[in-house]
Every structure is written in structure tokens, then in C-alpha cells.
Amino acid sequence: MASSLTLSAFQIPTSPPYRVNAAIAASQTSREAPDLHFSTPFQLQQLHARLIKSGLPLSSSLPISLTRVAAVCALSSPSDFSYARSVFLLYGDAPSETLLWNTHLNTLSSSPCPGEALALFSRLRFAGVLPDTFTLSFVLKACSRSPLSPLLGRAVHALVEKLGFRSDIFLLNTLVHMYASLGDTASARLLFNVIPAKDVVTWNIMITHYTKEGEMVVAQQLFDSMPERSVRSWTAMIAGYVQWKNPNEALRLFRDMETTGMRPNEVTVVAVLAACADLGELDLGKRIHAFAMQCSLHKNNVRVCNTLIDMYIKCGCLQLARQVFDEMAERTVVSWSAMIGGHAMHGQAEEALELFSKMEEASVEPNAVTFVGLLHACSHIGLLQEGRQFFRSMTQDYGIVPEIEHYGCMVDLLSRAGLLEEARGFINKMPIEPNSVVWGALLGGAKVHKNIEMGEEAIHNLMELDPRNDGYYVVLSNIYADAERWEDVAKIRRMMKDRGLKKTPGWSTISLDGVVHSFVAGESDHPQIEEIHRSLDELLEKLRHRGYVPDTSAVLLDMDEKNKERVLYHHSEKLAAAYGLMNTANGTPIRIMKNLRVCSDCHAALKLISEITNREIVVRDRNRFHSFRHGSCSCKDYW
DNA sequence: TTCCATCTGT
């Protein structure tokens, strides 16, 4: 026995930390119970030695716990099966041969290296052990998670048939899932179609696959025709619509789900919160938050909290996001990155940087996204030196290779700070191909600093990369207008016309009591539009007394000054703000979402409106948040 | 002992 217990199979661990489950720990509360936590096979070896020496009587839960212990052993490299077997023999309660193999296969198939499960399976076949349905389900799982040849999966499928397991629904579902995750939609669907006794999981697997492929119409068809739906069926559809940027449809489905009485779980909650974040639906987001608290979902699931943080950030409620963050029991790199990015989006660079220090104190390793947030924070407030330092540090100290987003932030930082030449040099030295965001950042800087040459260079590149995007032409035209080069303004306008490009209409939305009201500049189909215009005119009159002068340079239309002013007065964010002021109680913050960037005239007007009405007005534009209070904006006019 | 899933980004 002693020799069979040699622990030479243990090597330096290559696997993530593992823990014996709580059941074993609980069974060992009295006597000189060893500390049963371990995270490496070496610690496990010591633990086992102590267990043997202690001569503890075996509780009924011990053998099965040892199954788990043995499964962990299999993860040592190279995995050794004989050790686990010897453990069972030692306790005189060896389970069947197949179960033993299955336990190992189960662990390996969901480990970071599923290929090991496949290797173990070939050893099982070589040893002449007969696989059962469990064995095959683990192997198929390993196949679907392994980049190895799909032929192997087909071979196992053949084995399923050969061994007579063709009516085992677990196996069939796993097979459908395997074909789907290997990208073989045709085989998955073929199998799905011929399974006579599909259960809800079979349907869910197929639906989930289609949603991941972006085939929402097919997914919806299957969803509509399935005989019964589980919470996962609903969640798959909702998450699919969120993923493919159709948050309205996601919320419609969620409301349908509610009417059926189906109870959302934490995954549903995550998907619905993401839809709320996309739409700025604060009211529903808050309701979901309350529901999550009621069910304690937020305590058990860090992703629920992370998504709550994101939802509050994108709805403009940084304080509430921070509150969720501060109250979390455990934070991952995602929680930190989301919160840092949130402060960045709201122009709070200091808070973002401070949070990063705290993150380091908490020994949470930052990732590429964390640095996007930090660089974003720096660029939004003009922290040039800090930004350069982060960019250096991310590679030097953290070994993170800069991605296109990081380059985008750096060009934004440099060009907004007026270092246009350096920004151009930076682009030219980039080891990856600059994209439209990078050139767009240079264009933005060129506009702020009225640099026509840089603007032209940027647009030259943008026309190749993203020729259908009208926004760039508009910016360049604004640069020309600023310099009073009207012929060039006209040239751009002609160019847009020739290419069939129309300026994307700006729209703004405001949500009141769960109803979304949207406003488009110059459009007047809102039932209260007369009233809104009257109210807005009164407001603008007051503004003029405070020295507000309309900035017509933002208007890219061929018309006289008077008409330009009219267009400007009816910009969508002004309409939305007026509507919000009319329909909410004094002191309530107004939250507006805009599809484009806030124009400079609206920015100036909203500052004054916040002052004379004594309201906080939060505007989420396509880039960031502007929070107008007491006559100034959180962006400190650096945007 | 088994099948379906969730978060942060210019």
C-alpha cells in the first residue's frame, strides 16, 4: 500500500487553485482535523498524508469527497490515474472503474485544458474500459471546448450510436451543443431536427446558438414554436437582442416574460440591465435593481453588480453606480474597470486615478480595459503627462500590449491638448493599422485647435476607412466655416450631396415615468410641441438677458442668420430639456440622451438653463456625459 | 457524476 501511495505523480501545479468542497470541511470539524483547504497538488499531497496519519474515522461523506480530491490530482501534470485509484483502495470503498474515470474526465473536460480529457479518454479506450453515457457526455463536452479536429467529435458521435445510447437525451443535447459550438450549424440543426423527444434544453441549445450567430429571426422562430419555455429560453432571446443592439426588442420580450409569470434569474437580470444601459432606461433599471436585492441576486453574483454599475453609469447616475461598487463584497477587474471607465465618462479623472490606486492596493491586476478607462479619463480632462505615463506603464509594468482603443485614446489626448504634430507622428509610428476612430480623434483635435491642414489629412484617411459616415464631413465643414472659408464649406456640402450623404439628424430622448419621448431637430410631431416651443422661447429670452448669444457657426446649412438661429433653437437636446423642465418637479434632475455629440451652442445654453432653473441636467452624448449644474458643466468645457 | 448562460472598452 505504501508504495502505491507514492506521490511522485505530483508535479509543480499547472492548474488553477482548487478547494475541497465545504462538505468535507464540515465533516472534519472535530478532533485534530487538518485544514482541508488546498490550492496546489502539493498541498493536497500533504493533506492526504495527514489524513492517513490522523487515522480519522471515515464519515459517509468522505469517500465521495475523495472522489473530488482524486479529480484534482488528475490535473497535475502529467495526470496520474493510479494515485486516485490508490486513495479509493485505501479507504476500501472503491467505486466502479468507470465512475473513477468519469470523475477525472468531468474535471478535465471543464478545466482550462479540455484536451487532457481527450487524452485520458484515449487511455480509457486503450485500457479496455467500457464508456457509459456519463463518460461520453464528458468527452463531448471536452470536444466542444477543444480546438482539436471536429473529426474527433464525429467519432464520439459514432460511438454514441454504436453503444446504443442514441435515445439518451443528455447525450443528444450535448451532441447538438458540440456541433453548434464547433461552428457546424448544419450538423447541429440536422441532429436537432431528427431528435424525436426534444426537451427544453435541446431547444435552448439551438436557440442560443442562433442568437450567438446573430440569426435572431431564426432564433425567434424557434422560440415561438417551442412547446414549453424555461427561464433560460427567455434569457437566451433577451440576451441575444441585447448583443445585437436591439435593446428595445429585448425589453419588449422581458415584459412578455413578466406577463407569463416566469421569474427572472440572475442571468436574465444581467441581460435586462444591459438593455437598460443601452437605452438609458433608469426607471426599469432601478426596478430590476430592487428585484435583485429582493432575491439577494446581487450578493451571490458579481456580474449582476458589475452590470448594475454599468447601467447606472450609462444612465448618468454615477453616485448610484459608485454606491453599488462600494457595497460589493468582492470586486473583480471588471468591477474596477467599469467604475474607472464610469468616472472617466463623467469627466472625473481624479476619481478614476484614485480608484486605480485603490485597485492596486487591493492587488487586483488591471487589464487592457482598465487602461482604456484610465487613458479615457486623462484625455477627457487633458492630463497629458499622466496619460503618457499610463500608456508607458501598461506595457512596461503590466505587460499589456496596446490595442487600437489605447491608440485612439492617446491620439485623442495629444490632439485635444493641441499637440497635433505629435499626434500625427504617433499615428505614423503605430504598429497596428489606424482605424477611423484614431483619425477621427485627430480630426476632433484639428477642429478644437482650428488646424485646417490636420483636418484635411485626417479626412483624407477617413474617406478611405469610413466613406459613408457623414459626421466627419460635418466636422471638416465646421473647421472651414470657423476660418470663414465658405467656398470650402460649399465644396464639402457638394461632396456630401454627390455621394448621397445626408447629415444624420440629431435626436434626443428623455424618459419620464417609463415613457420615452424623443425629439428630432426641427420635427414637430410631438403632441405638446406648441407648448414646448413656447416654453423654450421664454427660456431662451431669459438666457439672452444673461448674455447668451446664439452660436450659429454650428449650423451647416445654407441659410440666413435668422433661420440659422431658428434651427439652433430647435435642436433636439434643447427641446428635450424644455420638455423635461415642463413635466418634472422642481429640483428633479433632467436626464437626456443624444445620438450625436452635443453642439457647442446647446452646451452653452444648457449651462445657463441649469443656472436659471436651478436644475441638474445630465446629457449622455455619443462620447461622454455632460452634467450641467449651477451654470457650469462637469466637462469643464474641455470636450 | 452529465446537457443550455451572464459583466468592463476610443
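The values are calculated or read from the model by the stated rules, or taken from the named source; none is laboratory data. Quick caveat: nothing in here was measured; it's all calculated off a predicted structure. Virtual Cβ from ideal backbone geometry, glycine too; neighbours counted across all protein chains shown. We work out accessible area using only protein heavy atoms, side chains counted, and drop any ligands, DNA or RNA first. Shrake-Rupley method; radii C 1.70, N 1.55, O 1.52, S 1.80 Å.
Details
- Count of the stretch A:261-292 residues, restricted to those that are within 17 Å of A:SER335 (Cα to Cα) and in contact (Cβ under 8 Å) with a residue 40 or more places away in the chain, is 0.
- Selection within the stretch A:361-387 - away from DNA strand B (no atom under 11 Å from the Cβ) and in contact (Cβ under 8 Å) with a residue 24 or more places away in the chain: A:ALA362, A:GLU365, A:ILE381, A:GLY382, A:LEU383, A:LEU384, A:GLU386, A:GLY387
- The stretch A:98-157 - residue that is part of a helix (DSSP H, G or I) and charged (D, E, K, R) and, of those, surrounded by the fewest Cβ atoms within 10 Å (Cβ to Cβ): A:ARG125
- Verdict on A:LEU175 being near DNA strand B (Cβ under 8 Å from one of its atoms), open to solvent by less than 30 Å² (accessible area, probe 1.4 Å), out of contact with any Gly (no Cβ under 7 Å at 6 or more places or on another chain) and closer than 18 Å to A:CYS143 by Cβ: no
- Of all residues in the stretch A:485-503, those that are part of a loop (DSSP other than H, G, I, E, B) and closer than 21 Å to A:LEU442 by Cα total 2.
- Being free of Cβ contacts under 8 Å to residues at least 40 places away in the same chain, in a helix (DSSP H, G or I) and not charged (D, E, K, R) is true of A:ALA458.
- Selection count where residues are of a type in the set (Gly, Ala, Ser) and either open to solvent by less than 20 Å² (accessible area, probe 1.4 Å) or in contact with a helix residue (DSSP H, G or I) (Cβ under 7 Å, 6 or more places away or on another chain) (or both), scope the stretch A:292-319: 2
- Summed over the stretch A:402-423, the residues that are assigned to a helix (DSSP H, G or I) and open to solvent by 40 Å² or more (accessible area, probe 1.4 Å) give a count of 4.
- Of all residues making up the stretch A:223-245, the number that are farther than 19 Å from A:LEU273 by Cβ and surrounded by fewer than 21 Cβ atoms within 10 Å (Cβ to Cβ): 7
- Some residue of the stretch A:574-595 being under 21 Å from A:VAL448 (Cα atoms) and not in a helix (DSSP H, G or I): yes
- All of (1) touching a strand residue (DSSP E or B) at 6+ places or on another chain (Cβ under 6 Å); (2) more than 23 Å from A:ASN478 (Cα to Cα); (3) of a type in the set (Val, Ile, Thr) hold for A:THR584 with one exception: (1).
- Residue-level analysis places A:ASN248 among those that are away from DNA strand B (no atom under 11 Å from the Cβ) and either assigned to a helix (DSSP H, G or I) or surrounded by fewer than 18 Cβ atoms within 10 Å (Cβ to Cβ) (or both).
- In the set (1) open to solvent by less than 20 Å² (accessible area, probe 1.4 Å); (2) of a type in the set (Val, Ile, Thr); (3) closer than 25 Å to A:LEU282 by Cα, the condition left unmet by A:THR332 is number (1).
- Residues of the stretch A:261-295 classified as of a type in the set (A, V, I, L, M, F, W, C), in a loop (DSSP other than H, G, I, E, B) and modelled with pLDDT under 95, total: 1
- Qualifying residue in the stretch A:168-183 (condition: β-branched (Val, Ile, Thr), in a helix (DSSP H, G or I) and within 31 Å of the chain's Cα centre (by Cα)): yes
- Scanning the stretch A:382-401 for residues that are among the aliphatic types (A, V, I, L, M) and surrounded by 13 or more Cβ atoms within 10 Å (Cβ to Cβ) yields A:LEU383, A:LEU384, A:MET394, A:ILE400.
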